[in-house]
Amino acid sequence: MRYADVNGVKSEAQPKTRALCRACGGEVVAKCGKHVIWHWSHISLATCDRWWETETEWHRRWKDRFPKDWQEVVQYDALTGEKHIADVRTRHGVVVEFQRSTIEPSEVKDRESFHQRMVWVIDGAKNESDCVNFSNMRTRPDDNGFAVFQWYGRSKLFHRWHTTTPVFIDFGDQYGFWRVCRFDPQNKKGVALLVDRSLFTAALIEGTSDFSRNGGPASAF
Ligand SMILES: [Zn+2]
């Protein structure tokens, strides 16, 4: 995690310091190596948030587009007692999850029902072949930014994120940031929208959209 409590203050990891986890209250120690992103790590092996994934530069760059107060917000469900850390939760109550590692469809569902109003941002540049394939398998975006595509790629990228929650895939600077508007897992055809990262961020910061109106890749055409 990027943040932990040092004397009650939400703080970033500094070499040779300890702090308390903001989710479980357990002790965490700063990991500030040359080759790792500075972060806090739990001392005990007990699982804190089972949804948490190891952060990369990609996660940090995205989170930094939002105010610090909105990053790593502990969410608590009083009914089930479940606690999870939202990567970003805006002042307007929208959770943004930045996801790089592959997760099971059941976890996708669990996280969506836990957070309710949420948006997925997926690291599509994890596999370079996905970037290239997507670029080759779509039309040029029209005047409004829409492109249609047919997925022949071997990866299950689009199948995996077949949900009615808004899904955005970040294929990196070269290949663009796309919203997956629709995807049909049977014929593997879909519609995607080229999105400006800054406009996306601004809409969430200003609260002008939570992107829910048009659903996700699995919503009805
Ligand atoms: Zn913890």
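Within the range 199-211, the residues that satisfy the criterion of being assigned to a helix (DSSP H, G or I) and either touching a strand residue (DSSP E or B) at 6+ places or on another chain (Cβ under 6 Å) or in contact (Cβ under 8 Å) with a residue 60 or more places away in the chain (or both) are 201, 204, 205. Being open to solvent by less than 60 Å² (accessible area, probe 1.4 Å), away from the ligand (no atom under 16 Å from the Cβ) and in a loop (DSSP other than H, G, I, E, B) is the filter; apply it to the range 24-62 and report the residue that is modelled with the lowest pLDDT. The selected residue is 33. Between 151, 120, the distinction of being in the same structural domain as residue 70 (by TED's automatic domain parsing), of a type in the set (Phe, Trp, Tyr), over 16 Å from the mean Cα position of the chain (by Cα) and open to solvent by less than 70 Å² (accessible area, probe 1.4 Å) belongs to 151 only. Restricting the first member to the range 5-30 and to residues that are in contact (Cβ under 8 Å) with a residue 24 or more places away in the chain and under 15 Å from residue 72 (Cβ atoms), and the second to residues that are of a type in the set (Val, Ile, Thr) and open to solvent by less than 20 Å² (accessible area, probe 1.4 Å), the beta-carbon pairs closer than 8 Å and six or more apart or on different chains are 21/28; 22/85; 23/85. Looking at the range 1-16, which of the residues that are surrounded by 15 or more Cβ atoms within 10 Å (Cβ to Cβ) and part of a loop (DSSP other than H, G, I, E, B) is nearest to the ligand (Cβ to nearest atom)? It comes out as 1.
Residues in the range 84-111 that are closer than 25 Å to residue 205 by Cβ, touching a Phe, Trp or Tyr at 6+ places or on another chain (Cβ under 9 Å) and open to solvent by 20 Å² or more (accessible area, probe 1.4 Å): 89, 91, 100.
Pairs linking a residue in the range 115-137 that is more than 18 Å from residue 213 (Cβ to Cβ) to a residue that is open to solvent by 10 Å² or more (accessible area, probe 1.4 Å) and basic (Lys, Arg), with Cβ atoms under 8 Å and 6 or more positions apart or on different chains, are 122/100; 123/100; 126/100; 129/154.
The values are calculated or read from the model by the stated rules, or taken from the named source; none is laboratory data. Just so it is clear, the model here is predicted, and its values are computed rather than measured. Cβ coordinates were reconstructed from backbone atoms using ideal geometry, including for glycine residues, and neighbour counts include every protein chain displayed. To get the accessible areas, we keep the full protein, side chains included, count just its heavy atoms, and leave off ligands, DNA and RNA. Shrake-Rupley method; radii C 1.70, N 1.55, O 1.52, S 1.80 Å.
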